[in-house]
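> I have a structure here, written as structure tokens, and I will follow up with some questions on it.
Laboratory data are not the source of any read-out in this text; all were calculated from the coordinates shown. Note that this is a predicted model, so its numbers are computed, not measured. Using ideal geometry, Cβ is built from the backbone for each residue, glycine included, and neighbour counts are taken over all protein chains shown.
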Amino acid sequence: MDQRIAIVTGAARGIGAAIAQRLARDGFAVAVLDQNAATDTVDTITTAGGTALAVEADVTVTEQVDAAVAEVAERLGPPTVLVNNAGITRDNLIFKMADDDWDAVIGVHLRGAFLMSRAVQRYQTEQRYGRIVNLSSTSALGNRGQANYATAKAGLQGFTKTLAIELGRFGVTVNAIAPGFIETDMTAATAERLGMSFADFKAGIAAGVPVGRVGQPEDIAATAAFLVSAEAGYVSGQVIYVAGGPTD
Ligand SMILES: NC(=O)c1ccc[n+]([C@@H]2O[C@H](COP(=O)([O-])OP(=O)(O)OC[C@H]3O[C@@H](n4cnc5c(N)ncnc54)[C@H](O)[C@@H]3O)[C@@H](O)[C@H]2O)c1
């Protein structure tokens, strides 16, 4: 029974790329799933001697998700680890938020995680082993300008706990990581939208973080590495805040 096949969504860059690289280093064959070409992530992994497969799919489209997961099963083996990381932001105050800002964000985070998890749990329950990790956020607790994103990230916490209850008997654990501010293209775009340099934006955030720095994608990858490990089998339905300090 091969329990070492992982799918990481949104892994062409940022946190997903760091998680894919870390899991590959830990011995997983990793399917690097993204709607954009994931050549960089796959090249980094294979150059370091790991196994990676680029899979192009939009996590909001059922047919693409089902085909992508079937391709992984065929080419790498049954996927037992899934990291639902793909995400977008469409920030705006509620009075300016368009229908599409709402639908797009809810779609990628919630529908995306649902479609991916439904497709992968089939293999996990067959194998009687599995790990699902969902990327939530400290924004789940409320964040100005992010009614859509905060709702999606809070929703993922309910999704996590429910799947933990449903899938536990099959040896599948389901947990969420809720990162604070992590330095990626996503947060660089936020700085740009606010009209600030990324350096000033990061310095301002770091000043309010108890450990005195912003987070790096590797901080999240290290937490994901633990949650997908065999030894984390008694940790399920949890939301782990990785934010350099406690959150409210
Ligand atoms: N950066 C942060 O500070 C932070 C904090 C908390 C949570 N998060 C969450 O972590 C995850 C990764 O964030 P990041 O900062 O690395 O973002 P990012 O924008 O750098 O990368 C996101 C990746 O997801 C992919 N993606 C987007 N929509 C997709 C779709 N429909 N189908 C397939 N792939 C899709 C993108 O192509 C991209 O490669 C997201 O879920 C985000 O909400 C990030």
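> For the chain, compute Rh as the Kirkwood radius over C-alpha pairs and then the Stokes-Einstein diffusion coefficient at 10 °C and 1.306 mPa s; write the answer in µm²/s, rounded to an integer.
Details: Rh = 18.0 Å.
Result for D is 88 µm²/s.
> Same structure, new question: Quick one: Karplus J couplings for the stretch 157-166, per residue in order, coefficients 6.51, -1.76, 1.60, θ = phi - 60°, nearest Hz, x for Gly and Pro?
5, x, 4, 4, 5, 5, 5, 4, 5, 6
> When the helices in the chain are scored as -39500 (n - 2.57) per DSSP H run of 4 or longer and the sum is shared across all residues, what 222 nm value do you end up with, to the nearest 500 deg cm²/dmol? All intermediate terms of the calculation are to be shown ahead of the outcome.
On the way: 9 runs with 110 residues, N = 248.
Computed mean residue ellipticity for the chain: -14000 deg cm²/dmol.
> Right, something else. What does the charge add up to near Ser117, with Lys and Arg as +1, Asp and Glu as -1, over the other residues with Cβ less than 14 Å from its Cβ? Intermediate values should be presented prior to the final figure.
On the way: positive: Arg111, Arg118, Arg122, Arg131, Lys161; negative: Asp66, Glu166.
Residues near Ser117 contribute +3 overall.
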